[in-house]
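See below for the structure under consideration.
Just so it is clear, none of the values below were taken in a lab; they were calculated from the coordinates. Because the structure is a prediction, the values reported are computed rather than measured. With ideal geometry, Cβ positions are generated from the backbone for all residues, glycine too; neighbour counts draw on all protein chains shown.
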2 protein chains.
Amino acid sequence: MSFLAGGFACKAYCKGILMALKQAIIIRADLGMGKGKMAGQTAHASLSAYRKAEREDLDAARQWEEEGQKKIVLKVTSEEGLLSLFEKMKKEIPCALIRDAGRTQLEPGTITCFGAGPAEESKINKYTKELKLL
Amino acid sequence: MSFLAGGFACKAYCKGILMALKQAIIIRADLGMGKGKMAGQTAHASLSAYRKAEREDLDAARQWEEEGQKKIVLKVTSEEGLLSLFEKMKKEIPCALIRDAGRTQLEPGTITCFGAGPAEESKINKYTKELKLL
């Protein structure tokens with residue numbers, strides 16, 4: 001049994017400093033994806049970014065997971081907006097870009113979203129504070 | 001770069017028999033969750049079920065992931081319907097039930113969804129064939 005975004009903050013130690021952990025999923029709202037499609041793409045980005053984060057700091061990834069997988073789903077309204085943010089965030093946060101295989105709803109290879117983290121919450125917020133919730 | 005539900009089937013060998021792999025997320029459509037909330041809960045279920053599946057058959061979990069994370073998001077319309085299906089599926093498929101921490105939109109502890117698999121596609125389909133896509 002696990003809990004999403006518990007009342008407590010997810011915390012991990014990095015170089016002796018206590019930090020809160022969060023994952024952000026940034027998704028395109030301009031593609032006309034249905035809610036099921038969006039949910040599937042979000043899950044894809046979440047798992048892929050988690051697997052990257054795991055390779056960089058296994059303890060922090062596990063702690064984020066065990067403490068409730070605090071995450072936020074945010075929207076952008078163009079491919080350019082998505083890619084621009086992805087290019088910036090991937091320099092300091094484990095990020096995974098998702099392209100749809102195009103079996104349903106979208107053209108093959110359409111870039112739909114990306115996952116960032118889990119990573120220190122303040123790092124995530126630095127890039128995402130202007131974005132709106134999906 | 002990864003692809004969701006590629007044109008190819010995800011395949012793994014189980015006891016020498018080739019099998020296609022899929023994950024299903026079953027989510028309640030009766031809670032009035034917004035699309036962002038649903039996407040977050042789906043991601044939570046997807047990762048939690050994947051982590052369970054990993055512990056049961058690491059090679060199959062990895063293969064499903066590498067070949068595109070084929071997944072399907074399906075809906076039910078009551079807690080009873082969700083729990084009834086969860087109890088059946090968990091007997092032969094790695095499943096993870098998600099309760100919301102209730103910070104936004106829902107009461108704390110509300111059961112929102114569960115993830116099943118990745119597991120053999122035919123096993124997933126046996127339980128989900130009557131359900132509609134989210």
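Key figures
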| item | result |
| --- | --- |
| The stretch A:47-115, relative contact order [Cα under 8 Å, separation at least 6], % | 30 percent |
| Rg/Rh (Cα only; Kirkwood hydrodynamic radius) as it applies to the stretch B:16-66 | 1.09 |
| Principal axis box of the stretch B:46-131, alpha-carbon based, largest edge first, Å | 38, 28, 21 |
| ³J(HN,Hα), Karplus 6.51/-1.76/1.60, whole Hz, each residue of the stretch A:128-134, x for Gly, Pro | 10, 5, 8, 7, 9, 4, 4 |
| For residues of A:106-119, the mean tally of beta carbons on other chains within 10 Å | 1 |
| Along principal axes, Cα extents of the stretch A:59-100, largest first, whole Å | 34, 20, 18 |
| Nearest-first distances (nm) between copies at B:D59, label 7 Å from Cα via Cβ | 3.3 |
| Within straight-line cross-link reach of B:K90, lysines at Cα separation under 23 Å, skipping those fewer than 8 residues along the same chain | B:K11, B:K15, B:K22, B:K52, B:K70, B:K71, B:K75, B:K123, B:K126, B:K129, B:K132 |
| Built amide H within the under 5 Å cut-off of B:K71, gap 5+ | B:A5, B:Q23 |
| Farthest toward positive dipole pole in the protein assembly as shown [+1 Lys/Arg, -1 Asp/Glu at C-beta], among A:Y127, A:A24, B:V76 | B:V76 |
| Cβ-placed point charges (K, R +1; D, E -1), dipole of chain A about Cα centre in debye, nearest 20 | 140 debye |
| Averaged over A:44-52, number of beta-carbon atoms from partner chains that fall within 10 Å | 6 |
| For A:G102, residues with placed amide H under 5 Å, excluding near neighbours | A:G109 |
| Neighbour count of at most 16 Cβ within 10 Å plus DSSP loop: longest GluC sites (Glu not before Pro)-free window in chain B | B:1-91 |
| Beta bridges by DSSP in chain A, antiparallel share as percent, to the nearest 5 | 75 percent |
| With Cα atoms, 0 to 90° folded angle of helix A:79-89 axis to chain A main axis | 20 degrees |
| Ellipticity estimate at 222 nm from DSSP helix runs (n ≥ 4, -39,500 (n - 2.57)) divided over chain B, nearest 500 | -11500 deg cm²/dmol |
| Angle in degrees between helix A:35-56 and the longest Cα principal axis of chain A, rounded to the nearest 10 | 40 degrees |
| Rg/Rh (Cα only; Kirkwood hydrodynamic radius) as it applies to the protein assembly as shown | 0.94 |
| Inter-copy separations for B:E80, label at 7 Å along Cα-Cβ, nm, ascending | 5.4 |
| Exercise: per-residue mean of other protein chain Cβ atoms within 10 Å, B:73-84 | 1 |
| Cα gyration tensor category, rounded, prolate or oblate, for the stretch A:87-134 with a/c compared to 1.5 | prolate |
| For B:A29, label point 7 Å along C-beta direction: distances to other copies, nm | 2.3 |
| Amide H contacts of A:V76 (H built 1.01 Å from N, under 5 Å, at least 5 apart or other chain) | A:I27, A:R28, A:A29 |
